[in-house]
Amino acid sequence: MHGYDWRQSLSEALPKLVEAIDAALKATIDSRKPVHFVVHSMGGVLLRAAFASDKDLWARWNSHFGDP
C-alpha cells in the first residue's frame, strides 16, 4: 500500500513511489507473487510518471508476470 499526498508535486512524490515499487518487486522475487496497482486520478498519473522515469523499473515489472 502506498499513499499519495495530493499536496506534494509529482516530482516530490515520484521517488517515494519508485522506491515502493522497487521494494515490492524485490520482496516477491522468490515467490513470484504478482505486484498490482489500483490507482485513481492523480495516482494513475504518478504511476505512469514513475515508469516513464525509470525504464528499468518498467521492464522489471513487466517481466515479473512471465512464466516462473
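A short reminder: the numbers here are calculations on the coordinates, not readings from a lab. Everything numeric in this text was worked out from a predicted model, so none of it was measured. Glycine gets a Cβ as well: all are built from the backbone with ideal geometry, and neighbour counts include every protein chain shown.
Residues in segment 39-56: is at least one buried (at least 16 other Cβ atoms within 10 Å of the Cβ) and part of a loop (DSSP other than H, G, I, E, B)? Yes, segment 39-56 contains at least one residue that is buried (at least 16 other Cβ atoms within 10 Å of the Cβ) and part of a loop (DSSP other than H, G, I, E, B). Residues that are of a type in the set (Val, Ile, Thr) and part of a helix (DSSP H, G or I) within segment 14-28 comprise Val18, Ile21, listed in sequence order.
Screening segment 1-38 for residues that are more than 15 Å from Arg60 (Cβ to Cβ) and basic (Lys, Arg) and picking the one that is surrounded by the most Cβ atoms within 10 Å (Cβ to Cβ) gives Lys16. The residue list Ser11, Ser31 contains one member that is out of contact with any Asp or Glu (no Cβ under 8 Å at 6 or more places or on another chain), outside any helix (DSSP H, G or I) and of a type in the set (Ser, Thr, Tyr), which is Ser31.
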